[in-house]
């Protein structure tokens, strides 16, 4: 038989270490396999539970969306029609308001003209009445002043000094 050399011993040690490493790696891979298999079972159980609960919710959501879709379209159409109607009514109301404001301005101007005319008439009437009353009063006052002056001359009394206002009234 052959004798073991140090080189053969080293190769045998490396082979043994490599074999042990391969065995450890095999055990780790077997552990990973069992762990993955256990995780797969749990994930598949979760997926089944999710299917049981989520699929009915999705189906209900789909049916609700299908049911609401035409209603939402009708609502959008109605809102559009209402918006157009409100816009048209706003234009009509603005026109009516402008018409009322214009009429109010015209009526206010008319009332102002009427009041101004009335006040002017009252002023003219007042002046006429004043002139109509003042002229006869001046004439009567002048007549009495003349009468008094005549009596003074006849009675030979000293003439009284009349005020300047009386001289304006003398005719």
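Under a Gaussian network description of the chain, with springs only between Cα atoms under 10 Å, the residue in 96, 59, 39 that fluctuates furthest is 39.
For the chain, a Gaussian network of Cα nodes joined below 10 Å ranks 103, 87, 138 by mean-square fluctuation, and the top entry is 138.
How much length, in nm to one decimal, is gained on full extension between residue 110 and residue 137, taken as 0.36 nm per residue of separation minus their Cα-Cα distance?
Details: separation 27, 0.36 × 27 = 9.72 nm, distance 4.00 nm.
Between residue 110 and residue 137, full extension yields an extra 5.7 nm.
Using a Förster radius of 41 Å, what is the FRET efficiency between residue 19 and residue 47 based on their Cβ-Cβ separation? Nearest 0.05, please. Don't skip to the end; give the middle numbers.
Details: r = 41 Å, r/R0 = 1.00.
So, using R0 = 41 Å, E works out to roughly 0.50.
GNM on the chain, alpha-carbon springs under 10 angstrom: the most fluctuating residue among 107, 156, 89 is 156. Taking 0.36 nm per residue of separation and subtracting the Cα-Cα distance, full extension of the segment from residue 71 to residue 6 would add 14.3 nm. If you find the alpha carbon centre of segment 1-71 and of segment 107-130, how far apart are they in angstrom? Comparing the Cα centres of segment 1-71 and segment 107-130, I get a distance of 110 Å.
Summing -39500 (n - 2.57) over the DSSP H runs of n ≥ 4 in the chain and dividing by its residue number, what mean residue ellipticity at 222 nm do you reach, to the nearest 500 deg cm²/dmol? Walk me through the numbers on the way to the answer.
Working: 2 runs with 156 residues, N = 171.
One gets -35000 deg cm²/dmol as the mean residue ellipticity at 222 nm.
Binning the alpha carbon pair distances of segment 6-130 at 5 angstrom intervals from zero yields the distribution 2, 7, 5, 5, 4, 5, 4, 5, 4, 4, 4, 4, 4, 4, 4, 4, 3, 3, 3, 3, 3, 2, 2, 2, 2, 2, 1, 1, 1, 1, 0, 0, expressed in whole percent.
If the viscosity is 0.890 mPa s and the temperature 25 °C, what Stokes-Einstein diffusion coefficient in µm²/s follows for segment 63-161 when Rh is the Kirkwood radius over Cα pairs?
Numbers: Rh = 22.1 Å.
Once the numbers are plugged in, D ends up at 111 µm²/s.
A simple spin-label model places the labels of residue 123 and residue 88 5.4 nm from each other, with each point 7 Å out along Cα-to-Cβ.
Throughout, read-outs are computed from the coordinates displayed, never taken from laboratory work. These figures come from a predicted structure and were not determined experimentally. Every residue, glycine as well, gets a Cβ built from its backbone with ideal geometry; the counts of neighbours run over all protein chains shown.
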